[in-house]
Amino acid sequence: MAKHKSPPVSISLNGTQRTKTGRWGVMRPLFKQKTSACSTRCPGEIHIPEFIQRVQDGDIEKAWRVILEDNPLPRITGRVCFHPCEESCIRQNYDQHVSIHSLERFVGDWAFEKGLNPLEGPSPNDKRVAVVGTGPAGIGCAFYLLRRGYRVSLFEAMPEMGGLLRYGIPEYRLPKRIVSEELEMVLGSATEISKGLTVGQDLSWNELQAQYQGIFLGIGAQRPIKLELDEDNHEGVVDGLAFLQTGGEKVSFDPDQTVLIIGGGNTALDVARTVLRRKGMPLVLYRRTREEMPAFEDQIQEAEAEGIEIRFLVSPRAIIREGGRIKGLECIKNRMSGAGADGRREFAPLENSAFFVPGDLIITALGQSAEVSSLPPAVMVKEETVVVAPDSCCGPQGIYAGGDVIDMPRSVIHALASGKQAALAIDLYLWNKEKYRPDVKKETSDVTIEEINLAYFEKVPREQPSILSAEKRTSSFEEVNGTLSRDAALRESSRCFGCGNCNTCGNCYFFCPDFAVHRDAKTLKVFIDEDYCKGCCVCVEECPRGVLSAEVKK
Ligand code: FAD
């Protein structure tokens, strides 16, 4: 057999470090700032993937602290927020969206049970701020001021704090006990609270301005919009919000009497579901179609599940009475027409379509406007809302506003977010006499499903919190939805893709064929050594959560 002779090869006697192969590549992986669709859509801008990651790690306290940076009331929002975050969760393109709402509630309930203190650590200062109104806007503002060490005094016209959280949203969705517990927890014992005191009546605005360096107006919008009918006699017609204030206790109707509810918002559905629990027969009349209903989608679904009838494209025209007693409503039918000035689809009455709807009681839920007439004259007002500058200031120096009283979507998380923004603005104003400039949103893109490495995620159905049967819920005011157990919350958290949120899984480090990804031994944070990265971008491929992107080198 011929003796095989290898050709000569050159052997390097030095290490490979001197050959900076990174220069050969045309591509490079980048930690590019990206955001998750859930956080982008959250009006409170909560760092959702980050808090869910902490739940996954089993560090629930840290999860709660992440939420607190933007939302002081996770027990409450975990129950009543309309959770646009879930609608935009990209996992729904794979199996089902993550139960972000239920995770937030779990974290909030857990922190309360552990007796944690959300106000730890501020160094107090002697500056005093008055917060008028204790709905979510006022509480949001007070909390972020307390965290910065201000002396905050709260003023509330009602006997108890909470605004619509207590006097609007019914017990079966948000127990009053939870409202009391969470407000006490976030305000701490040092806050001065004056209840049953209406600023502008019991205490003048001038006095308030003289005593405080900053004022926040979180007075909400609770004045009912009246029903306009062909007649003036509205006797026996009840306002929906007044009805809800006492959970329907002060309005009497016999079992099985029909209660006609006019409106299509949250108030209308809350009234209908309360009537049902008080053994009446609710019938909701709404002038547009289901698609245009301003009520939150999950509220519509829950009302439908309880068997509440909603008649669409119906407008009331006259109250029909017999011997002084209400017999029903004369109504007309509507048809939908084109979009109005506000972009919302308009409706028009159908000629000769009058018909009679029998009923024994009428409750109106046509929306609310703000009571702005008694505000200080320098406060800017337009169409019954307070006008605010981008820094939340509403005219006079040192006076800020937020929540339902200003022109913005009416929801708990919007109110909380506006309260927080005002607190930051007040802080800046009181220390530097500078104007607060809201963050200019950086040009970032949300991680898409194409950027997620789905091989790392099994298809798993979402965890559902317990829910009372429709039968059981309509016979009591017991809370309809339950809180996830710890095990269920941990399982649910592991379904989160963690879009754009590096959890130091190490995939980029392990898969790099060039050893060009380095990890900080302590923090496990990774960085790419461009001298040796040839740009194969395996790390980008293997990143489960779209943190890395491949880019052409310039
Ligand atoms: P409010 O909650 O109205 O609080 C204002 C407070 O200011 C009140 O307590 C009032 O007594 C006090 N006040 C007013 N004037 C004075 C004064 N001069 N002096 C002292 N105190 C004063 N949103 C959701 O996100 N999810 C829901 O499920 C939901 N359901 C709803 C159900 C109903 C029936 C209604 C009506 C609304 C619902 N909303 C919901 C909307 C949400 O409740 C409001 O957007 C939110 O409460 C607004 O917060 P706010 O602090 O601006 O005002």
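Could we say that Glu207 is assigned to a loop (DSSP other than H, G, I, E, B), within 16 Å of the ligand (Cβ to nearest atom), among the acidic types (Asp, Glu) and farther than 30 Å from Ala354 by Cβ here? Taking the combined requirement at face value, the residue does not satisfy it.
Residues considered: Pro294, Pro316, Pro282. Of these, the only one that is within 12 Å of Gly264 (Cα to Cα), of a type outside the set (Gly, Ala, Ser) and in the same structural domain as Gly240 (by TED's automatic domain parsing) is Pro294.
Looking at region 519-542, which of its residues are surrounded by 15 or more Cβ atoms within 10 Å (Cβ to Cβ) and in contact with a Phe, Trp or Tyr (Cβ under 9 Å, 6 or more places away or on another chain)?
Of all residues in region 519-542, those surrounded by 15 or more Cβ atoms within 10 Å (Cβ to Cβ) come to 519, 526, 528, 530, 532-542.
Hits for region 519-542 are Arg519, Val526, Ile528, Tyr532, Lys534, Gly535, Val538, Cys539, Glu541, Glu542.
Out of all the residues in region 273-308, which are within 23 Å of the chain's Cα centre (by Cα), among the basic types (Lys, Arg) and within 25 Å of Phe253 (Cα to Cα)? The answer is Arg273, and nothing else.
Here Val259 meets each of (1) at negative phi; (2) in contact with a helix residue (DSSP H, G or I) (Cβ under 9 Å, 6 or more places away or on another chain); (3) in contact (Cβ under 8 Å) with a residue 12 or more places away in the chain; (4) open to solvent by 50 Å² or more (accessible area, probe 1.4 Å) with one exception, condition (4). From (1) within 12 Å of the ligand (Cβ to nearest atom); (2) over 26 Å from the mean Cα position of the chain (by Cα); (3) assigned by TED's automatic domain parsing to the domain that holds Glu322; (4) not polar (S, T, N, Q), pick out the condition that doesn't hold for Ala242. Only one criterion is unmet by Ala242, namely (2).
To keep it simple, each residue is scored yes or no on (1) closer than 22 Å to Leu68 by Cβ; (2) modelled with pLDDT of 90 or more; (3) of a type in the set (Ser, Thr, Tyr).
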site: Leu375; (1), (2), (3): no, yes, no
site: Val387; (1), (2), (3): no, yes, no
site: Gly395; (1), (2), (3): no, no, no
site: Ile413; (1), (2), (3): yes, yes, no
site: Gly419; (1), (2), (3): yes, yes, no
site: Leu424; (1), (2), (3): yes, yes, no
site: Pro438; (1), (2), (3): yes, no, no
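Would region 330-339 turn up any residue that is closer than 30 Å to Glu478 by Cα, exposed (fewer than 14 other Cβ atoms within 10 Å of the Cβ) and free of Cβ contacts under 8 Å to residues at least 40 places away in the same chain? Looking through region 330-339, none of the residues is closer than 30 Å to Glu478 by Cα, exposed (fewer than 14 other Cβ atoms within 10 Å of the Cβ) and free of Cβ contacts under 8 Å to residues at least 40 places away in the same chain. Scanning region 1-35 for residues that are open to solvent by less than 100 Å² (accessible area, probe 1.4 Å), at pLDDT 75 or above and aliphatic (A, V, I, L, M) yields Met27, Leu30. Per the conditions (1) under 21 Å from Arg173 (Cβ atoms); (2) among the basic types (Lys, Arg); (3) open to solvent by 70 Å² or more (accessible area, probe 1.4 Å), the sole criterion not satisfied by Arg473 is (3). Could you tell me which numbered condition Val132 fails, if it satisfies all but one of (1) crowded, with 22+ Cβ neighbours inside 10 Å; (2) more than 8 Å from the ligand (Cβ to nearest atom); (3) not polar (S, T, N, Q)? Every listed condition holds for Val132 apart from (2). Only one of the numbered conditions (1) of a type outside the set (Gly, Ala, Ser); (2) modelled with pLDDT of 95 or more; (3) within 11 Å of the ligand (Cβ to nearest atom) is violated by Pro224, and that is (2).
Looking at Gly188, Gly200, which is the one that is farther than 30 Å from Gln299 by Cβ, within 15 Å of the ligand (Cβ to nearest atom) and at pLDDT below 95?
On the way: Gly188 fails: within 15 Å of the ligand (Cβ to nearest atom).
Result of the check over Gly188, Gly200: Gly200.
For Ser102, the requirement of being hydroxyl-bearing (Ser, Thr, Tyr) and without any contact (Cβ under 8 Å) to a residue 60 or more places away in the chain is not met.
Within region 369-381, the set of residues being touching a residue at least 12 places away in the same chain (Cβ under 8 Å) and either surrounded by 15 or more Cβ atoms within 10 Å (Cβ to Cβ) or not aliphatic (A, V, I, L, M) (or both) comprises Ser369, Ala370, Glu371, Val372, Ser374, Leu375, Pro376, Val379, Met380.
Contact annotation: no residue pair with Cβ atoms under 9 Å, 6 or more positions apart or on different chains, pairs a residue in region 177-205 that is not assigned by TED's automatic domain parsing to the domain that holds Leu375 with a partner that is of a type in the set (A, V, I, L, M, F, W, C) and part of a loop (DSSP other than H, G, I, E, B).
With respect to the stated conditions, Asn93 fails to be free of Cβ contacts under 8 Å to residues at least 60 places away in the same chain, more than 18 Å from His47 (Cβ to Cβ) and either polar (S, T, N, Q) or within 16 Å of the ligand (Cβ to nearest atom) (or both). Counted as qualifying within region 93-175 are the helices (runs of 4 or more DSSP H) with 1 or more residues that are under 30 Å from Tyr429 (Cα atoms), namely 136-146, 164-167.
Scan region 103-120 and tell me whether some residue there is small (Gly, Ala, Ser), open to solvent by less than 40 Å² (accessible area, probe 1.4 Å) and in contact with a Ser or Thr (Cβ under 6 Å, 6 or more places away or on another chain).
Narrowing region 103-120 to residues small (Gly, Ala, Ser): 108, 111, 115.
After this cut, where a residue has to be open to solvent by less than 40 Å² (accessible area, probe 1.4 Å) as well, the list is 108, 111.
Now drop any that are not in contact with a Ser or Thr (Cβ under 6 Å, 6 or more places away or on another chain), which leaves none.
No, region 103-120 contains no residue that is small (Gly, Ala, Ser), open to solvent by less than 40 Å² (accessible area, probe 1.4 Å) and in contact with a Ser or Thr (Cβ under 6 Å, 6 or more places away or on another chain).
Among the conditions (1) crowded, with 21+ Cβ neighbours inside 10 Å; (2) within 17 Å of Val412 (Cα to Cα); (3) touching a helix residue (DSSP H, G or I) at 6+ places or on another chain (Cβ under 7 Å), the only one that Cys89 does not satisfy is (2).
Assess whether Ile413 counts as being under 26 Å from the mean Cα position of the chain (by Cα), in contact (Cβ under 8 Å) with a residue 40 or more places away in the chain and within 12 Å of the ligand (Cβ to nearest atom). Steps first, please.
Values: under 26 Å from the mean Cα position of the chain (by Cα): yes; in contact (Cβ under 8 Å) with a residue 40 or more places away in the chain: yes; within 12 Å of the ligand (Cβ to nearest atom): yes.
Yes, satisfied.
Condition check ((1) within 14 Å of the ligand (Cβ to nearest atom); (2) at pLDDT 95 or above) across all residues:
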{"position": "Ile319", "(1), (2)": "no, no"}
{"position": "Ser337", "(1), (2)": "no, no"}
{"position": "Gly340", "(1), (2)": "no, no"}
{"position": "Asn352", "(1), (2)": "no, no"}
{"position": "Ala370", "(1), (2)": "yes, no"}
{"position": "Lys382", "(1), (2)": "no, no"}
{"position": "Ala401", "(1), (2)": "yes, yes"}
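Take the residues of region 148-179 that are of a type outside the set (D, E, K, R) and more than 14 Å from the ligand (Cβ to nearest atom): which is surrounded by the most Cβ atoms within 10 Å (Cβ to Cβ)?
Taking region 148-179 and keeping what is of a type outside the set (D, E, K, R), we get 149-150, 152-155, 157-159, 161-165, 167-170, 172, 174-175, 178-179.
In the following step, the residues that additionally are more than 14 Å from the ligand (Cβ to nearest atom) were identified as 149-150, 152.
Values: Gly149: 16, Tyr150: 24, Val152: 28.
Looking at the filtered set, the residue picked out is Val152.
The values are calculated or read from the model by the stated rules, or taken from the named source; none is laboratory data. Everything quoted here is computed from the prediction, not taken from an experiment. Counting neighbours? That spans all protein chains shown, and the Cβs are built from the backbone with ideal geometry, glycine included. To get the accessible areas, we keep the full protein, side chains included, count just its heavy atoms, and leave off ligands, DNA and RNA. Shrake-Rupley method; radii C 1.70, N 1.55, O 1.52, S 1.80 Å.
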